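**Student:** So that we are looking at the same thing, I have put the structure below in structure tokens.
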Amino acid sequence: MMDGLSVQDISERGRAHREIPAAAADIPFYQPVGNECALFETAYRQRLPLMIKGPTGCGKTRFIAHMAAHLGRPLHTVACHDDLTAADLTGRYLLKGGDTVWMDGPLTRAVREGGICYLDEIVEARKDVTVVMHPLTDDRRFLPLERTGEVLAAPDEFMLVVSYNPGYQNILKTLKPSTRQRFVSISFDFPPPDTEVAIVATESGLPERHCIPLIDLAQRLRALKDIDLDEVVSTRLLIYCATLMNSGFDPYQAAQAALIEPLCDDPDVKQGLLDLIQATYG
């Protein structure tokens, strides 16, 4: 039981979410795989920060955009990188028309308006970024702005969401346990084959019967053990491939452009992957 919500309530809320028309113009398409929609909505209602883990191209960003639209909250997305500083999130003074004016950063805007702030690939950001998040990830829920002297109390509608790819973590780029334990977390993976067929067909317009061999190919490529690839074939790349096929490219050409070339530069490895495509499509 969580604040009057039973497990049955959460389950029913998840089923109710699935009944929302996926083609609604103002809600990006997302096909639920488990209870992730109910868990996200419960975290939002209970004012809990959320961490999403999963491989590249498995649907993390689309899921968050879908949930933000479903909840009717503005979404502020930040792609984290090595040079991202706390000031990039909170704001800074800028010269404008001869005057010095304060400009809110995306995190500050989200706090002020009660939006959702999504920090993508949080492990890529500098350490001072995690420090500025901490007061927003416990019961204090405030954002101190040192340069203006303000302390912003986050409204109930504000939510902080971060994500990262566990496969990218190394000794230099990882989240401290003290930071990880400030979030509830959802692990993402690539959808089951039947679900992935439906997703690729919906996103690309390619009929499902033509998507089935493409997903079979993806399963074979992901299962390869003897080929050293930094990434495996993602759902995103499968949608790209199906889009090319739906635009008139034959499967071999589409798979070469959308699946093989983005993942590999080694000629021998590429040839081995192309042989697998040829064997799949004949």
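Derivation of every value follows stated rules applied to the coordinates shown; laboratory data play no part. Because the structure is predicted, anything quoted here is derived from the model rather than measured. Every residue, glycine as well, gets a Cβ built from its backbone with ideal geometry; the counts of neighbours run over all protein chains shown.
**Student:** About its Cα centre, what dipole magnitude does the stretch 193-281 give when the only charges are +1 on Lys and Arg Cβ and -1 on Asp and Glu Cβ, stated in debye to the nearest 20?
**Tutor:** 280
**Student:** Continuing with the same structure: Is it possible to state the helix-based mean residue ellipticity at 222 nm for the chain, with each DSSP H run of 4+ residues giving -39500 (n - 2.57), the sum divided by total residues, to the nearest 500 deg cm²/dmol? What is it? Don't jump to the answer; show the numbers that get you there.
**Tutor:** Numbers: 12 runs with 118 residues, N = 282.
Dividing the helical sum by the residues of the chain leaves -12000 deg cm²/dmol.
**Student:** So, one more: Quote the charge dipole size of the chain about the Cα centre in Debye, to the nearest 20; the model charges only the Cβ of Lys and Arg (+1) and of Asp and Glu (-1). Walk me through the intermediate numbers first.
**Tutor:** Numbers: 28 positive and 39 negative charges, 157 e Å.
Taking the Cα centre of the chain as origin, the dipole is about 760 debye.
**Student:** Here is a follow-up. Once you have the Cα-Cα distance between residue 139 and residue 274, take 0.36 nm times their residue separation minus that, and quote the gain in nm to one decimal.
**Tutor:** On the way: separation 135, 0.36 × 135 = 48.60 nm, distance 5.34 nm.
Once the chain is fully extended between residue 139 and residue 274, it gains 43.3 nm.
**Student:** By how many nm would the segment from residue 184 to residue 29 lengthen if fully extended, with 0.36 nm per residue of separation less the alpha-carbon distance? If you can, show how the numbers build up before the last one.
**Tutor:** Details: separation 155, 0.36 × 155 = 55.80 nm, distance 2.40 nm.
So the extension gain works out to 53.4 nm.
**Student:** Residue 82 versus residue 113, label points 7 Å from Cα toward the beta carbon: distance in nm?
**Tutor:** Once both label points are built, they end up 3.3 nm from each other.
**Student:** Packing-wise, with mean Cβ within 10 Å as the measure, how do 152-163, 88-99 rank, highest first?
**Tutor:** Values: 152-163: 20.2, 88-99: 13.1.
Ranking the peptides 152-163, 88-99 by packing returns 152-163, 88-99.
**Student:** Please list 3J(HN,Hα) in residue order for the stretch 98-110, calculated via the Karplus relation 6.51 cos²θ - 1.76 cosθ + 1.60 where θ = phi - 60°; whole Hz, with x for glycine and proline.
**Tutor:** x, 10, 9, 10, 7, 10, 4, x, x, 5, 5, 4, 4
**Student:** Starting from the Cα of residue 127, step 7 Å along the direction of its Cβ; do the same at residue 246; then give the gap between the two resulting points in nm.
**Tutor:** The answer from the label model is 4.7 nm.
**Student:** Tell me, what is the FRET efficiency for residue 209 and residue 261 to the nearest 0.05, using R0 = 22 angstrom and their Cβ-Cβ distance as r? Display every interim value, and only then the final one.
**Tutor:** Working: r = 26 Å, r/R0 = 1.18.
Result of the calculation: an efficiency of 0.25.
**Student:** List, in the order given, every pair from 53/176; 53/173; 173/270; 96/127; 60/127 whose Cα-Cα distance in the structure shown is over 18 Å.
**Tutor:** From 53/176; 53/173; 173/270; 96/127; 60/127, over 18 Å: 173/270; 96/127; 60/127.
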